[in-house]
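Accompanying notes for the structure given below.
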Amino acid sequence: MVRSHVHIPIPSDPVERIRVLRVLREVHRRGRKPSLEVTYRTVNGSTCGPYYVARWRRGSRHRHGRTLYLGKPENESVSFVEWLVSLDKKQVLELARHLMRNLRSVLKTLLTEVSSLPYKRARRVLTRGLALTFDARPSESPRIRDLLEELPDRLESFTVRTLGGWPAHYSSYLRKVIRSRRKSLNGRHEVPDVQLELERWKLQHGWRLRPRTV
């Protein structure tokens, strides 16, 4: 198991673990290490930061780059990615493959626990379970995609978003949609259909719509 490798700085906080899992999933998907970069935000004219992100540039296999938010310098996920980029490519890909095998095992176990639960409770169990991926026993099969298709639609959607996040800049687009709807409703808040808006966003930005993969 991964936890047997004491030199790996595995985060203790569940949220930080999921951030690291997302990074390693993207490593597995792209076959490339990320770069660790610093970014700043401007809020009401004031500059906030520094904040860290893991970033992949677009390449021959992937038309679009990818940015995953890690947060403040003291966050465990920042330390982990800093350690990750210091390794050679072969070691990083081996770790990513190992974690994806762990993830299959976790999803297979969770599937029997959450399918019959109310949505909010099932979502909490899924989140806790995903955070324990580092401690799971690796599994050879079935594929992650096969396991996700056995989940109810809303839980599958939640799991995919938790593991992969939204494309870069989509959150800012979604905020604009919410603000415009508030104005049209005289200040009342209407929650948009996130998945529908995501498909519209992809069309506007030239994404080719294809089946989701995890």
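The values are calculated or read from the model by the stated rules, or taken from the named source; none is laboratory data. These numbers were taken from a predicted model, which means no experiment stands behind them. Glycine also receives a Cβ, built like all others from the backbone with ideal geometry; neighbour counts cover every protein chain displayed. In case anyone asks, the SASA skips ligands and DNA or RNA and just uses the protein heavy atoms, side chains included. Shrake-Rupley method; radii C 1.70, N 1.55, O 1.52, S 1.80 Å.
Solvent-accessible area assigned to carbon and sulfur over the stretch 1-97 amounts to 47 percent, based on a 1.4 Å probe. Counted by Cβ distance under 13 Å from Y119, the other residues give a net charge of +3, where Lys and Arg count +1 and Asp and Glu count -1.
Can you work out the accessible area per residue across the stretch 113-159, with the rest of the protein chains kept in place, probe 1.4 Å, in square angstrom?
58 Å²
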